[in-house]
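Enquirer: Sharing a structure here in C-alpha cells format.
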Amino acid sequence: MNIDEIVDKKYIPVIDPTAPDSPAEKGANAFLAEYGGIVEEVALVCKKEDGLVTYRSGAAPSDRHYENFFTDFTELANDLGMRTHAISYAFGDSYLGQDPNYSIGKSDGTRIHDYIDPAVEGYWKHMIYIAREVARQPIQSLIFQEFLYPRQEYSFTRRSIRKFSEISGVSLDTTYIDIQRDPQIQRMFEEWRSELITTAFRETLEMARSERPELDVGMIIPVDPETDWSEGFYRHFGINLDKIIEISGYIIYHLMPYSPMYPEPNTPGWDSLIRAIRSSRLYEESGYKKALFIWGLSNEEDVEWIDNLKREVRAERIFARLEHPPKYTVKREIHRGV
C-alpha cells in the first residue's frame, strides 16, 4: 500500500521523514506540495527511537538532515488547514541509551541500549522539555510511543534495585528469580514500576498542557500475545491502564506489533484481543478516546480486518505507518522475551 491508499481508507498516515523511501524524505515543502490537496490529517514522528528529533531542540540532538522538518511541516500544514499530530518516543531512546547511566538491564548484567530505565528520574526532565517544545507547535495531539518498560525482567540495573530496596528492604543482589519467588515482593515490585510510569507520564502530560491546556496527550500501548495481552500492560510494561486513562483520557492501542498474523474474528486470538482493549474498568463508563495504531501495513486484505476491529471496539481513528521502524527486529526479540 502507499500513502494515497491509506488516505483513501480514512486512516491517518504516520510519517517519519528519515525512514527509507519515506514520502517526506525530501522535506516538508515537497511533501505538502504533493499531498497537501489529499491529506487532511497526518501524524509526524518528532522524536525517533534513535533519540534524535526532527526539529531544533534545546534538549535533544537533532537529525542533521531534518532539523527543521517538524516545525516547518506543522506551521505550513496549519496554514493549509491540515490537522497534525506529533508522535514522540519516550523511554525508547538509543542515543542516551548508550550511556550506562541511562540504559536498562537484567539482573544477570545484560544491558540493552535501546531503552532508558524509567527509574532514572533525571530522564523525565528530558522528556518533559521535549514535550513542552513540541506542544508549542500547532498540533492537535501529542502521542507517546514506548512510554513503558520493554519487559518485566528489564528492571534490574543496580540503580533500580537500590531504589526498590529502599521501599521493600530486598537485598541489592536481588534477581528477577528472587522477585518471582515471593508473591508479596512481586506485588510490591509491580506496583513500584507502575508508579514510576504513571508519575512520569502525569508530569510529562501536565507540562505539555502548561503550554497548551487543550492539547490531547495520548499513550500508545502494544496489544500482543507475545507480551501476554492485557496482563502484560501491567506486568511487563508497568502500565496501569485505568490510571493512564484517568490522567489523559486518550489511549492508542497498537495492534499485534510483534506477531506475524492478525487473528481471524471469532477465534480465541480475536477474543483475547477484544478483551485486552476492553480490559479497563473505565472502558464503558468514562468515554475516553480510543484509537488504533498499526505499522508495516502492506496487505490490502488486512484493511477489512482492521475496519471490523475499529467498529467492534468503537475506536475513533486509525493511525497507520507503512513501514516498520528501523529497530523493529531487535525490539521484537526483546518484547518476545528472547
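Quick note: the coordinates plus some simple rules give every number you see, no bench work behind them. This one's a predicted model, so the numbers in the text were calculated from it and none came from an experiment. Note: ideal-geometry Cβ built from the backbone for every residue, glycine included; neighbour counts use all protein chains shown.
Enquirer: Near the amide H of Ile221, under 5 Å away, which other amide H atoms are found, from residues 5 or more places off or on another chain, if H is placed in the peptide plane?
Expert: Here Ile252, Tyr253, His254 satisfy the definition.
Enquirer: Taking the Cα centre of region 62-187 as the origin, how large is its charge dipole in debye, to the nearest 20, when only Lys and Arg (+1) and Asp and Glu (-1) carry charge on their Cβ atoms? Intermediate values should be presented prior to the final figure.
Expert: Values: 14 positive and 18 negative charges, 77 e Å.
Value, rounded to 20: 360 debye.
Enquirer: Which value in nm describes the separation of the simple spin-label points at Lys125 and Trp295, placed 7 Å from the Cα toward the beta carbon?
Expert: Those two pseudo-labels are separated by 3.0 nm.
Enquirer: Still on this model: Enumerate the calculated ³J(HN,Hα) couplings along region 287-295 in order (Karplus 6.51 cos²θ - 1.76 cosθ + 1.60, θ = phi - 60°), each rounded to whole Hz, writing x wherever the residue is Gly or Pro.
Expert: For region 287-295, the Karplus curve yields x, 5, 7, 10, 9, 10, 10, 9, 9 Hz.
Enquirer: Equivalent-ellipsoid semi-axes (√(5λ), Cα gyration tensor) for region 48-124, whole Å, largest first?
Expert: On the way: eigenvalues 194, 28, 18 Å².
One finds semi-axes of 31, 12, 9 Å for region 48-124.
Enquirer: Here's another thing I want to ask about it. Taking amide H positions as placed 1.01 Å from N in the peptide plane, with prolines and chain starts having none, which residues 5 or more places from Ser141, or on another chain, fall under 5 Å of its amide H?
Expert: Ala86
Enquirer: Next question. Taking N as the number of residues in region 278-338, what value does Rg over Cα atoms divided by 2.2 N^0.38 Å take? Please report the intermediate quantities before stating the final value.
Expert: Values: Rg = 14.5 Å, N = 61, 2.2 N^0.38 = 10.5 Å.
Against the empirical 2.2 N^0.38 Å value, I get 1.38 for region 278-338.
Enquirer: Here's another thing I want to ask about it. If one computes the Cα centroid of region 201-254 and of region 106-181, what distance in Å separates the two points?
Expert: That distance is 15 Å.
Enquirer: Can you order the peptides 198-207, 144-153 by their average number of other Cβ atoms within 10 Å per residue, highest first? Please list the in-between numbers first.
Expert: Numbers: 198-207: 19.1, 144-153: 23.9.
Ranked from most to least packed, the peptides come out as 144-153, 198-207.
Enquirer: Using the basic label-point model (7 angstrom from Cα toward the beta carbon), what is the Arg64 to Arg278 distance in nanometres?
Expert: Placing both labels 7 Å along Cα→Cβ, they lie 5.3 nm apart.
Enquirer: Sorted from largest down, what three extents in whole angstroms do the Cα atoms of region 94-210 have along their principal axes?
Expert: Here the Cα extents, ordered largest to smallest, are 50, 28, 20 Å.
Enquirer: Calculate one ³J(HN,Hα) per residue across region 41-46 by plugging θ = phi - 60° into the Karplus curve 6.51 cos²θ - 1.76 cosθ + 1.60, and present them in order as whole Hz with x for glycine and proline.
Expert: Here the 3J(HN,Hα) series is 8, 8, 10, 10, 7, 9 Hz.
Enquirer: Compute the Rg/Rh shape ratio of region 198-315: radius of gyration over Kirkwood radius, all on alpha-carbon atoms. Could you put the intermediate results ahead of the total?
Expert: Values: Rg = 14.8 Å, Rh = 15.1 Å.
We get a ratio of 0.98 for region 198-315.
Enquirer: In addition: Restricting things to alpha carbons, find the Rg to Rh ratio for region 251-303 using the Kirkwood radius for Rh. Each step should come with its number before you reach the end.
Expert: Working: Rg = 12.4 Å, Rh = 12.5 Å.
Rg/Rh: 0.99.
Enquirer: Can you give the log10 of the normalised intensity I(q)/I(0) at q = 0.24, 0.27, 0.29, 0.30 Å⁻¹, computed with Debye over equal Cα scatterers of region 79-129?
Expert: -0.86, -1.02, -1.12, -1.17
Enquirer: Something else now. List every residue whose amide H lies under 5 Å from the amide H of Arg317, counting only residues 5 or more places away in sequence or on a different chain, with H placed 1.01 Å from N in the peptide plane.
Expert: Sorted by chain and number, the residues that satisfy this are Leu292.
Enquirer: Let me check I've understood the local charge: for Val303, count other residues with C-beta under 12 angstrom from its C-beta, Lys and Arg +1, Asp and Glu -1. What total comes out? Can you show the working numbers first?
Expert: On the way: positive: Lys9, Lys10, Lys310; negative: Glu5, Asp8, Glu300, Glu301, Asp302, Glu304, Asp307.
The answer is -4.
Enquirer: Still on this structure, I have one more. What's the ranking of 74-81, 286-293 by average number of surrounding C-beta atoms within 10 Å, highest first?
Expert: Working: 74-81: 15.2, 286-293: 18.1.
Highest-to-lowest ranking by the protection proxy: 286-293, 74-81.
Enquirer: Tell me the label-point distance for the pair Ser165, Arg83, using the 7 Å Cα-to-Cβ offset, in nm and rounded to one decimal.
Expert: 5.1 nm
Enquirer: Taking the Cα centre of region 60-107 as origin, sum charge times position over the Cβ atoms of Lys and Arg (+1) and Asp and Glu (-1), and report the length of that vector in debye to the nearest 20. Write out the running numbers ahead of the final one.
Expert: Values: 3 positive and 7 negative charges, 55 e Å.
Using only the charged Cβ atoms, the result is roughly 260 debye.
Enquirer: What order do you get for 274-285, 164-175, 115-126 when each peptide is scored by the mean count of other beta carbon atoms within 10 Å, highest first?
Expert: The peptides rank, most packed first, as 115-126, 274-285, 164-175.
Enquirer: Measure up Lys26/Lys125; Lys125/Lys290; Lys106/Lys290; Lys48/Lys290; Lys243/Lys327 against 26 Å on the Cα-Cα distance and list the ones that go over.
Expert: Pairs exceeding 26 Å: Lys26/Lys125; Lys125/Lys290; Lys106/Lys290; Lys243/Lys327.
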